[in-house]
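A.B. asks: Below: one structure in structure tokens.
Laboratory data are not the source of any read-out in this text; all were calculated from the coordinates shown. Since the structure is predicted, the reported quantities are computational estimates derived from the model, not experimental observations. Neighbour counts run over all protein chains shown; Cβ positions are idealised from the backbone, glycine included.
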Amino acid sequence: MRRPANAPAVNPGIGETLRRAWAPANQAQTMTFAGTLLLLFAAALFGGASQGNALSLMAVEIASLPLLFISLYLVLAGAAPRRITLPLLLLAAVVATPLLQLVALPPDVWNRLPGRAPTPQVLDVARLGRPWLPFSLAPEQTWRAAMALSPPAAMFMGALFLSDRQRRVLAACWLGLAVVSLGLGALQMLGGADSPLYFYQITNVGAPVGLFSNRNHQAEFLLCLVPVAAMFAASFNGEFEDRHAFAAVLAIIYIVVAIVGVAVTRSRAGIVLGALALLGAGAVTARGGALRRHWRAAAGVGAGVFIAIAAALLLGLVPILDRFDAGGAEPRFEGWPLVARAASGFLPLGAGVGSFQTIYDAVEPLGDVGPTYFNHAHSDYLELWLETGVVGAVLLLVFAGWMTGRLCAVWTTRAAGPGRDLAAACSLTVLLLAAHSAVDYPLRTESLAVLFAFACATLAVCRAERPSSAASAG
């Protein structure tokens, strides 16, 4: 018997939902969803630093293993959505790059590689002979870098098999964790420099870093989720009785609070990218149709954002200007030419993933040696050029081409829907993270790398044909 068109929809109970989730046809997707949730929370809680925290990074890597095994099996079984062959091949090439750099090469081959001349001389002086050596000049760091790829790789493949509703749940979880990080940052400032809520030994003491060790990464985490919040806010039609109203109002509040939170971190990149995130949020809201459906609600959102910007300027204008007008040269700008010159000595294949610290310590001028050190190039693209050479550049260009195609597919069509709206928001998340990578290293933290992988997967499956059942592979 068909339900009348005007009859209200009946939400299934918890028992019925569980029975549907564990039906034979849905078990693989349910396990994949559970794996993505586990990895999401593990990455956010333990993946806020980029180095020197072996136990916390190991926790994230272990949490990714169940999802990695399930999703890899489904991919190999042919259950993945169509038209994602290119991103899967690109992911495989990214993972294979550090693994291939660990392969031991015979002395005749290794000695001919650019930048390796001093090593044979040291071996001769130490009378150690000419052993087979791995391509990478820092094999231990290369292995760690390869292991660090397992969480984002697992999230990317796992998110491919989720439904649009499940991906929206994950997006809401990311927003919830951002709120937790905001609240934690406020408590850190109230506790002062001796606050026990700073979870990492190397951190920006006195700044609201939240779940991270670096205030720049905290700011990036908050601002790159602003377009996602705008996607939820766009569902608000001005009627508070609507079932989407509560989530939409919370999303609007997040946008307002996140703007203030980014300003309080005093992150220069965060301030600049925060303005771009607001423009992107406006584009997502307009695309979602909120402006056409209820212009008064949209005007209210705009007024709230304006108030938040005014509050941020009122509370933190002087510290923000101090950060931009700080005396002396910026260390990262002074170090970039040195990194570029060092990279030219290892072309065309680079020095090995994770070898930046080893190479930079060898070429750093003695006059620059001091209590502060250059742990990364503060430009992921420049560091990638040093460590992987032409291989990394080609992979980056392929990703840029794929990303351009996805942006055109998402933003040039007027068709709306939950999947398309989330994909549009995630495309801006990817662009914001990519832009920040030009002057910092956000993707070297597991938390932001997993978020980046989730956004890429959401963008990849937009307009892709879904399989009838992911569990059919089993």
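A.B. asks: Residue by residue through the stretch 107-121, which ³J(HN,Hα) values in whole Hz follow from phi under the Karplus form 6.51 cos²θ - 1.76 cosθ + 1.60 (θ = phi - 60°), with glycine and proline marked x?
C.D. replies: x, 4, 6, 5, 5, 8, 6, x, x, 9, 4, x, 5, x, 5
A.B. asks: If you don't mind, there's one more thing I want to ask. Please list, ordered by chain and number, the residues whose modelled amide H lies under 5 Å from the amide H of L133; skip anything fewer than 5 residues away on the same chain.
C.D. replies: Under 5 Å from the amide H of L133: L105.
A.B. asks: Taking 7 Å along the Cα-to-C-beta vector as the label spot, tell me the A172-L187 distance in nanometres, rounded to one decimal.
C.D. replies: 2.4 nm
A.B. asks: How high is the relative contact order of the stretch 95-222, given as a whole-number percent (alpha carbon pairs under 8 Å, six or more residues apart)?
C.D. replies: On the way: 113 pairs, mean separation 22.3, N = 128.
Result for the stretch 95-222 is 17 percent.
A.B. asks: Now for a separate question. I need the phi-derived Karplus couplings for the stretch 76-92: 6.51 cos²θ - 1.76 cosθ + 1.60, θ = phi - 60°, integer Hz, Gly and Pro marked x.
C.D. replies: Each residue of the stretch 76-92 in turn: 5, 7, x, 8, 6, x, 6, 6, 10, 4, 4, x, 5, 5, 5, 4, 4 Hz.
A.B. asks: Along the Cα→Cβ direction, 7 angstrom out, place labels at L90 and A104. What is the inter-label distance in nm?
C.D. replies: Simple spin-label model gives 3.6 nm for this pair.
A.B. asks: Taking 0.36 nm per residue of sequence separation and subtracting the Cα-Cα distance, how much length would be gained by fully extending the chain between Y381 and S163, in nm to one decimal?
C.D. replies: Extra length available between Y381 and S163 comes to 75.2 nm.
A.B. asks: Then there is this: Please give the FRET efficiency for L55 paired with C408, using the beta carbon to beta carbon distance and R0 = 45 Å, rounded to the nearest 0.05.
C.D. replies: Working: r = 43 Å, r/R0 = 0.96.
Computed FRET efficiency for L55 and C408 comes out at 0.55.
A.B. asks: When a/c is below 1.5 the answer is rounded, else prolate if a/b is larger than b/c, else oblate, so apply that to the stretch 34-111 with a ≥ b ≥ c taken from the square roots of the Cα gyration tensor eigenvalues.
C.D. replies: It comes out oblate by the Cα gyration axes.
A.B. asks: Taking the Cα-to-Cβ direction at T358 and at L76 and moving 7 Å from each Cα, how far apart do the two end points lie in nm?
C.D. replies: For T358 paired with L76, the spin-label model returns 3.0 nm.
A.B. asks: What are the ³J(HN,Hα) couplings of the stretch 182-191, residue after residue, when phi is run through the Karplus curve with 6.51, -1.76, 1.60 and θ = phi - 60°? Round to Hz, x for glycine and proline.
C.D. replies: Values, residue by residue: 4, x, 5, x, 5, 5, 5, 5, 5, x Hz.
A.B. asks: Within the stretch 163-264, list the trypsin sites (Lys or Arg not before Pro) lying in a DSSP loop whose Cβ has at most 14 other Cβ atoms in a 10 Å radius.
C.D. replies: Working: sites: R165, R167, R168, R215, R243; in loops: R243.
Those that pass, being in a loop and sparsely packed, are R243.
A.B. asks: Under 1.5 on a/c is rounded, so check that first for the stretch 387-450, then, if it is not, pick prolate when a/b is larger than b/c and oblate when it is not; a ≥ b ≥ c are the square roots of the alpha carbon gyration tensor eigenvalues.
C.D. replies: oblate
A.B. asks: Let me ask something else. For the stretch 132-282, what does the alpha-carbon gyration tensor say about shape, rounded, prolate or oblate, given a ≥ b ≥ c as the root eigenvalues, a/c under 1.5 as rounded, and a/b over b/c as prolate?
C.D. replies: It is oblate, given that a/c is not under 1.5 and a/b is not larger than b/c.
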